[in-house]
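Have a look at the structure below, then the notes.
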C-alpha cells in the first residue's frame, strides 16, 4: 500500500495569455507543464476578448493531466482605456471548491478627483479545501500599474479589510505582479504601504528573490502575501519560491520569454493527513 502525503500548491501566478499563445503549440506545451504542477493558479494579463483562448487552455489541460479535473473562474475585462485584461483562476475541481467570488468595484480616493484607485481592480475568490489543514481561504489577485504600484499596494489593505468584513475570514492570500521592487518602489514609499508595515501580513517572496526571466534584471516584482495565523501556520517551510521554468525545462531566454517575461511564484500548504488517509485507503 502506497500512502502519499502531497502538499497542495497554492498559488502560482502567471503573466500574459491571449490568442497568439493559444495557437503556439510549443508555448502551450510549456504552459500545460507549469499549470499541471499546481492545484490553483492565477493567470494575469489575459488579453482574450472572445474568451476562447482560456477555454481552449483549460480543455487542453484536462486532456494533458487526466488524473485531475480542471475548471476556471474569470474576472471582468479590466482597464482604464481600450487596453483590457482579465484575471483567471484555474483550479482542480476535484481538490478545491469555489465558494464565492466577486470583482472589487471602482472606488474614489477620498479628498481627490481620482475615481480609479486601481488600473485593474482586484478579483477575489473564496476557496474551500478539504485536503489541507486550513479549510477555507481567500485569494486576492492584483496586477498593479507600475507607475502607481505603491499606491495600489497600499490600497490592497483596504481591499483586505473589505474581504474580512464580507466573509469573516482571516485566511487571505494576496498575490500577483505587484511591481513591488526595483524602480517602482522607494524606501520612503515602503513605509506608507500598510501591507508592508503591518506585521500581521507575511511576505513570502522576499525582496532578494528574482521573479523576472531576463538575465539582465533582478527584481521581486511578483509577490505572495499571507494574512491569518491559521494559513500562515500551514505554509510548508521553504516552499514559497519563483518557479524557474527556463532552467527546469532547459529553455533559452528567448524561448522562455515566449511563455512569459516573469517566473510564476508559488507556495505549498500542508495537507490534512486524516482526509488523505481516508481517501487513499
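What follows is calculated from the coordinates using simple rules that are stated; it is not laboratory data. Not measured: the values here are computed from a predicted model. Neighbour counts are summed over all protein chains in view; Cβ atoms, including those assigned to glycine, are modelled from backbone coordinates with ideal geometry.
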Positions within the stretch 219-235 being touching a helix residue (DSSP H, G or I) at 6+ places or on another chain (Cβ under 8 Å), under 26 Å from residue 260 (Cα atoms) and either surrounded by 20 or more Cβ atoms within 10 Å (Cβ to Cβ) or touching a residue at least 40 places away in the same chain (Cβ under 8 Å) (or both), in sequence order: 221, 225, 226
Flagged in the stretch 61-96 as assigned to a helix (DSSP H, G or I), touching a helix residue (DSSP H, G or I) at 6+ places or on another chain (Cβ under 6 Å) and surrounded by fewer than 20 Cβ atoms within 10 Å (Cβ to Cβ), in numbering order, are 64
What helices (runs of 4 or more DSSP H), lying completely within the stretch 176-236, carry at least 2 residues that are under 14 Å from residue 150 (Cα atoms)? 187-190, 194-197
For the structure I just gave you, tell me whether residue 210 is surrounded by fewer than 21 Cβ atoms within 10 Å (Cβ to Cβ), in contact with a strand residue (DSSP E or B) (Cβ under 9 Å, 6 or more places away or on another chain) and farther than 17 Å from residue 142 by Cβ. yes
Those residues that are surrounded by 17 or more Cβ atoms within 10 Å (Cβ to Cβ), closer than 25 Å to residue 219 by Cα and more than 16 Å from the chain's Cα centre (by Cα), I need them from the stretch 160-182; list them, please. 181
I'm trying to understand the selection: among the residues of the stretch 135-156, which are part of a helix (DSSP H, G or I) and buried (at least 17 other Cβ atoms within 10 Å of the Cβ)? 148, 149, 150, 151, 152, 153, 154, 155, 156
